[in-house]
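This report refers to the structure that appears directly beneath it.
The values are calculated or read from the model by the stated rules, or taken from the named source; none is laboratory data. As the structure is a computational prediction, the values presented were derived from the model and not from experiment. As a convention, Cβ positions derive from the backbone with ideal geometry for all residues, glycine included, and neighbour counts pool all protein chains shown.
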């Protein structure tokens, strides 16, 4: 019964009479004359309960000509034009829910069709036509420019005034199979994920579980940075506004096998290059930490929380956190990298550990829902998803980015950073945007809140600035602004750029000629460790040295002296590795510019060989040795190795290099074992100490 009643009520709504307000207003159209149209407009209004009106005919320079004997009965309209010769009159009817007026215009015994639309309907139609033209032009531009920039495909979504103006794409998600990009194609969005993490914090603030300006350490007592003051004062806002004082330190996680918790535990070993809150420095590790904070306060993984609290309420059903999660039937874009004048296919990179900073994969359809929620100040389909105050805080400038103004782009103000968003002005328009870049993908989410415009550009080529260029073109096209050659402003003259690149190549540092390494190559081999960055292994492969760090493997080619060069294809860069001797002439550490913004290289200390865990080796050196008629004994007790001389306490032995151990806490003392004539057990050992070398033979 209730369902039938609802249906009846909805049906009756169509029977309600139109009001005077529906007919009042300006109507624009034309009289259909033989071979031409005479454009005109009439204005209808009520005064003292009576209908009055006038007419404009621009071509004849007629304005405000009164309509005489005007009557409006039901939906029928009649009037005469006494100022026009030939007994001019009109008789017609309003149609289409009072959006259209059609009838006959009569003059000198001849009748002509006259058709007018209400001005707001005309304006809407004209606006739609302009929008369609803008979209068509943008798609042509996108397809042309992506080919110039070796971008296989671009997913493009645009919302204007609450309606989807475009959801589609150009180019290919799979260049080899020529599969097209659509609004359903999944792309990695890289750092455009950061706003989702900031939103997660906002939801916890709404839940009453988090305060924006309360120190993080009060929620996570194990939170520790290198800088003690930053550790004590860092807040949730600080985490997501890039003012921790830390540079990127990306190579401590990029390509590594560290878990999220392991990265979090190692933050304390990463030195800052700025003081806390003194400067804006883009950073991924603090966003990962924000994700850990979400996990601690919600009791769920960052992925679970984001899926349940953001993706599901917004209807982002296709969004995932790894390409591995994509259903077999999903349209997934393949990743590419520019290689000369073409795009080369590269592997997908999994970055789950740093996920809160950039691991989301999404498509145009889903991302438009995310954008619309922001434009609607936190509402989804008219219902509150999150408080408008949280959206305002996210879109509000929190940290000015120094030197972010550019003479090439005078239209743009200096940039600031909100919570997960870049914020600045383009003329009198406020822009809120964030890009993303990860192996094989570049993304760009762009909003003009006041103009109620939002855009999404998803590409399957990394390191391209094309999405931002297209957003500027789209803004001009949608808002009917004068043409600007944004492509040239962003990328410059291509031929000139190639000359500049050649010039830069010629200015690169060159090695000192005629030098050689101070050691045999095998002496450089070993494992080197930094407590934050982990282990770099240097090993002999055939006749050359190789470096293995995280997932990267590169040949170390001699540069000069004890400096070697490694080209890492994934980073598209050279890394100069410097080795250092200790006073014994033994290679004890190396340094490398793993974080370029640090004033000094990151230093990794050479690890001793892992001899204590080799039971066979320990057995081969254990036993009694005769030293100048006295006996010394080498034996393992528990996990430690000791040497004991008669009448002296046992000395702990710590591995130093092959067959050599240091006597712990005794500077300059070591014990070297010898396997003479290929014996399985050491037949001698030597005590090396400041006052000489003393040999002992196995008893």
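Structure notes:
- Total residues in region 608-622, condition outside any helix (DSSP H, G or I), closer than 28 Å to residue 519 by Cα and modelled with pLDDT of 95 or more: 0
- Residue 622 meets all of the listed conditions (1) in the same structural domain as residue 530 (by TED's automatic domain parsing); (2) surrounded by 14 or more Cβ atoms within 10 Å (Cβ to Cβ); (3) without any contact (Cβ under 8 Å) to a residue 24 or more places away in the chain but one, namely (1).
- Taking region 62-161 and the strands (runs of 3 or more DSSP E) fully enclosed by it, the elements with 1 or more residues that are farther than 30 Å from residue 361 by Cα are at 62-66, 68-73, 76-80, 89-95, 100-107, 110-118.
- Checked against the criterion of being in contact with a helix residue (DSSP H, G or I) (Cβ under 9 Å, 6 or more places away or on another chain), over 19 Å from residue 256 (Cα atoms) and either loosely packed, with under 13 Cβ neighbours inside 10 Å or modelled with pLDDT under 95 (or both), the candidates 586, 541 yield just one match: 586.
- Within the option set 603, 693, 672, being more than 30 Å from residue 577 (Cα to Cα) and either outside any loop (DSSP other than H, G, I, E, B) or assigned by TED's automatic domain parsing to the domain that holds residue 573 (or both) holds for one residue only, 693.
- Where residue 18 falls short, out of the listed (1) at pLDDT below 85; (2) over 52 Å from the mean Cα position of the chain (by Cα); (3) surrounded by 10 or more Cβ atoms within 10 Å (Cβ to Cβ): (2)
- Exclusive hit being touching a strand residue (DSSP E or B) at 6+ places or on another chain (Cβ under 7 Å), without any contact (Cβ under 8 Å) to a residue 40 or more places away in the chain and surrounded by 15 or more Cβ atoms within 10 Å (Cβ to Cβ), set 371, 364, 431: 431
- Residue in region 453-476 that is in the same structural domain as residue 414 (by TED's automatic domain parsing) and over 23 Å from residue 169 (Cα atoms) present: no
- Answer from 512, 469 - the residue that is over 30 Å from residue 410 (Cα atoms) and at pLDDT 95 or above: 512
- Test: residue 134 is assigned by TED's automatic domain parsing to the domain that holds residue 343 and at pLDDT 95 or above: no
- Flag if residue 628 is exposed (fewer than 13 other Cβ atoms within 10 Å of the Cβ) and assigned by TED's automatic domain parsing to the domain that holds residue 655: yes
- For region 675-699, a residue qualifies if it is free of Cβ contacts under 8 Å to residues at least 40 places away in the same chain, surrounded by fewer than 16 Cβ atoms within 10 Å (Cβ to Cβ) and either out of contact with any strand residue (DSSP E or B) (no Cβ under 8 Å at 6 or more places or on another chain) or over 14 Å from residue 624 (Cα atoms) (or both), and the qualifying residues are 676, 677, 678, 679, 689, 690, 691, 692, 693.
- Which listed residue is at negative phi and either over 56 Å from the mean Cα position of the chain (by Cα) or modelled with pLDDT under 95 (or both), from 93, 87, 97: 93
- Residues in region 202-254 that are assigned to a loop (DSSP other than H, G, I, E, B), more than 25 Å from residue 391 (Cβ to Cβ) and touching a helix residue (DSSP H, G or I) at 6+ places or on another chain (Cβ under 7 Å): 220, 223, 224, 225, 226, 245, 246, 249, 253.
- Among the residues of region 266-306, just one is crowded, with 18+ Cβ neighbours inside 10 Å and without any contact (Cβ under 8 Å) to a residue 40 or more places away in the chain, namely 295.
- Enumeration of residues in region 190-216 that are on the phi > 0 side of the Ramachandran plot and either modelled with pLDDT under 95 or surrounded by fewer than 24 Cβ atoms within 10 Å (Cβ to Cβ) (or both): 208
- Condition check for residue 392: in the same structural domain as residue 199 (by TED's automatic domain parsing) and on the phi > 0 side of the Ramachandran plot: no
- Filter pass, residue 98 being in contact (Cβ under 8 Å) with a residue 12 or more places away in the chain and closer than 30 Å to residue 472 by Cα: no
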